[in-house]
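Scroll down for the structure; my scribbles are underneath it.
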Amino acid sequence: MNFFRTALLLAVLTALFMAIGFVLGGQTGMLIAFAVALAMNLFSYWNSDRMVLAMHDAQEVDAQSAPEFYGMVRQLAENAQLPMPRVYIIHTEQPNAFATGRSPDHAAVAATTGLLDKLSREEVAGVIAHELAHVKNRDTLTMTIAATIGGAISMLANFGMFFGGSRNSENRGIGVIGTILMVILAPLAAALIQMAISRSREYEADRLGAHITGHPLWLASALRKISRAAEEIPYERAERNPATAHMFIVNPLTGQGMDNLFSTHPHTENRIAQLEEIAAEMGQSGGSAAAAAPRGPWDSADEGGKGPWG
């Protein structure tokens, strides 16, 4: 049902893009918009991972440069029955992470140095398992395409402000009124659809990620820490590329106070509540999520004061 809903929402995004083309250029504009949408989807399919990783200046690591982190990803990928993804680190103090790639065979996971510095080994494992769940569910491609089309809709709507509506005889009545409505409503509708796609997939990734580690409260504890830190620690690259915000495990732009239609992510407390229910179903108890992931050897530093990720 969730896959059908996601496919439907992507179809609505494409239709909205075509509708803007119709307002700007009649039937010809609509056909051009459809061709552009197809081209963008193909480009996103082949280049989505490289685009997003470059936006955030992610640095690839391996078993030599980040042995503990790389080894953790390898073990979790085996647990999830996934091919080993490429592993990246982003140098920023805000704790966060995302996954990208067109398929499980062409996937990448990226974590910030803030995540590795501020969370325990168990909490980091919970986060990475969540990102691998996105890979396994093939959410990474869907969410990148949604970001691409959504951004293009906003750009095309702004373009319409300067050139007005279609002056074609077949579309003469839409003109100024259509342009005004398009400029106001199209970007809003696109944002709402992007948010609906993202939020519907986060709960599923939380659930699958909990089963990959076998410890739902690890992720619950991590979500609470990341959410609090994201409200206090700015992430400049995310601010410059807001279209990628929905790809992170927690919104890197602002702390969201309500689980409403305008959130890119479900409210953290709702996600934690689901994870606590899953833990209860597994017969696990251990108090609050915050106490469930003790700090361990992951946090030991080398002589230079850096963690095992380098």
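The values are calculated or read from the model by the stated rules, or taken from the named source; none is laboratory data. From a predicted model like this one, the values you see are computed outputs, not experimental measurements. With ideal geometry, Cβ positions are generated from the backbone for all residues, glycine too; neighbour counts draw on all protein chains shown.
Of the conditions (1) at pLDDT below 95; (2) part of a helix (DSSP H, G or I); (3) surrounded by fewer than 23 Cβ atoms within 10 Å (Cβ to Cβ), residue 284 fails just one. Which one is it?
Condition (2) is where residue 284 drops out.
Name the strands (runs of 3 or more DSSP E) wholly inside the stretch 31-149 in which the number of residues that are touching a residue at least 24 places away in the same chain (Cβ under 8 Å) and buried (at least 20 other Cβ atoms within 10 Å of the Cβ) is 3 or more.
86-90, 97-101, 107-112
Rundown of residues vs (1) more than 19 Å from the chain's Cα centre (by Cα); (2) over 22 Å from residue 127 (Cα atoms), yes/no style:
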{"site": "20", "(1), (2)": "yes, yes"}
{"site": "26", "(1), (2)": "yes, yes"}
{"site": "30", "(1), (2)": "yes, yes"}
{"site": "56", "(1), (2)": "no, no"}
{"site": "70", "(1), (2)": "yes, no"}
{"site": "79", "(1), (2)": "yes, no"}
{"site": "85", "(1), (2)": "no, no"}
{"site": "94", "(1), (2)": "no, no"}
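Looking at the stretch 44-103 only, could you name the residues that are hydrophobic (A, V, I, L, M, F, W, C) and in contact with a Pro (Cβ under 6 Å, 6 or more places away or on another chain)?
82
Among the residues of the stretch 203-220, is there at least one that is closer than 30 Å to residue 17 by Cα, at pLDDT below 75, touching a His at 6+ places or on another chain (Cβ under 6 Å) and not hydroxyl-bearing (Ser, Thr, Tyr)?
no
Out of the stretch 224-250, which residues are more than 29 Å from residue 153 (Cα to Cα) and touching a residue at least 60 places away in the same chain (Cβ under 8 Å)?
Hits for the stretch 224-250 are 224, 225, 226, 229, 233.
Looking at the stretch 196-253, which of the residues that are among the polar types (S, T, N, Q) and closer than 13 Å to residue 266 by Cβ is surrounded by the fewest Cβ atoms within 10 Å (Cβ to Cβ)?
Filtering the stretch 196-253 down to residues among the polar types (S, T, N, Q) leaves 198, 200, 213, 221, 227, 241, 244, 251.
From what's left, closer than 13 Å to residue 266 by Cβ: 198, 200, 227, 251.
Values: 198: 24, 200: 17, 227: 21, 251: 22.
Among residues in the stretch 196-253 that are among the polar types (S, T, N, Q) and closer than 13 Å to residue 266 by Cβ, the one surrounded by the fewest Cβ atoms within 10 Å (Cβ to Cβ) is 200.
Only one of 253, 223 is aliphatic (A, V, I, L, M), under 17 Å from residue 130 (Cβ atoms) and modelled with pLDDT of 70 or more. Can you tell me which? Quick ask: steps written out before the conclusion?
Values: 253 fails: under 17 Å from residue 130 (Cβ atoms).
Exactly one residue qualifies, and that residue is 223.
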